[in-house]
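For reference, the structure is listed below as structure tokens.
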Amino acid sequence: MRTLFIGDVHGCAEELDALLAVCGWQPGDRVVLVGDLVAKGPDSAGVLARARERGLLAVRGNHDEHVLRWHQGYVKPGKKLKPQHQQVMDTLAPEDWAYLASLPLYLRLPEFNVVAVHAGMLPGVPLESQHREHLLNLRSITRDGTPSKRVDGGEPWASHWRGPELVLFGHDAMRGIQRYPHALGLDSGCVYGGRLTAYVLPEGRFYSVPARRAYMDATL
Ligand SMILES: [Mn+2]
């Protein structure tokens, strides 16, 4: 089945529409969003409405997880939500929350030998044994081999990933598109004024559209 893997949308609903059009998406094509559907951008509710109505698949990102935890009442005393998350809390409908809560930490697509996750995989560790924290937040492997969520914390985890699966992921707008033999990073920073990117199988081609504008400063 033709499958479109799409990087971090972060509420950029209009860019999602534009990208689906550029890819020639039609009902029957499968879409897998690699997480962080919500927050930072202008229309998180619109992204979730599209995802529900068009039957898009997705994995859970760290921002999706963050707002879900607040919604479900797991709130640390004294903590305050950032405006980018409060805006999500204020705009989602019950069916949007249900969709978000249904998102898995990873999706396996055996027909392509592909795994979709939001952030990363610890090299050498099978998918079923990966830690939730790494699937949601991992970016780097330090020189001594320690996993790190920081972009300046060492080398990209994907550069160490030897397969056997091809991992498609997002979460690393600072590094942008990453191409390694067994891992492709798809977050090209749309919400920061970059681009929204798709990788399409089986054709093995990238498509992207520009952001209409920068919705957030990349340092936030
Ligand atoms: Mn993320």
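Each reported figure results from applying straightforward, stated rules to the coordinates on display, with no laboratory input. Keep in mind that what you see is a predicted model, and the values were worked out from it rather than measured. Reconstructed Cβ throughout: ideal geometry from the backbone, glycine too, with neighbour counts over all protein chains shown.
Remark: the stretch 156-205 is approximated by an ellipsoid whose semi-axes, taken from the C-alpha gyration tensor as √(5λ), come to 19, 14, 6 Å, largest first. Projecting label points 7 angstrom from Cα along Cα→Cβ for Asn113 and Thr146 puts them 3.5 nm apart. On a C-alpha basis, how far is the centre of the stretch 68-97 from the centre of the stretch 154-220 in Å? Whole number, if you could? After rounding, the separation between the Cα centres reads 26 Å. Our coupling estimate for the stretch 170-179, obtained by passing each phi through the Karplus curve with A = 6.51, B = -1.76, C = 1.60 and θ = phi - 60°, is x, 6, 10, 5, 4, 7, x, 4, 10, 10 Hz, Gly and Pro reported as x.
Taking the stretch 158-191 and a reference point 7 angstrom along Cα→Cβ of Arg212, the backbone N atoms nearer than 18 Å belong to 189-191. Between Gly163, Gly24, Gly154, the GNM of the chain built on Cα springs shorter than 10 angstrom shows Gly24 fluctuating the most. Of the residues Tyr215, Val75, Ala13, the one whose Cα sits farthest toward the positive end of the charge dipole of the chain, with +1 on the Cβ of Lys and Arg and -1 on the Cβ of Asp and Glu, is Val75.
Rg and Dmax of the stretch 3-210, both derived from C-alpha coordinates alone, stand at 16.1, 50 Å.
Got the relative contact order for the chain handy, in percent, Cα pairs under 8 Å and 6 or more residues apart?
Numbers: 490 pairs, mean separation 50.5, N = 220.
Relative contact order of the chain: 23 percent.
Residues whose amide H lies under 5 Å from that of Val31, counting only those 5 or more places away or on a different chain, are Leu4, Leu57; hydrogens are built 1.01 Å from N in the peptide plane.
Each peptide among 70-83, 103-116, 170-183 gets the average number of other Cβ atoms lying within 10 Å of its residues, and from highest to lowest they stand as 170-183, 103-116, 70-83.
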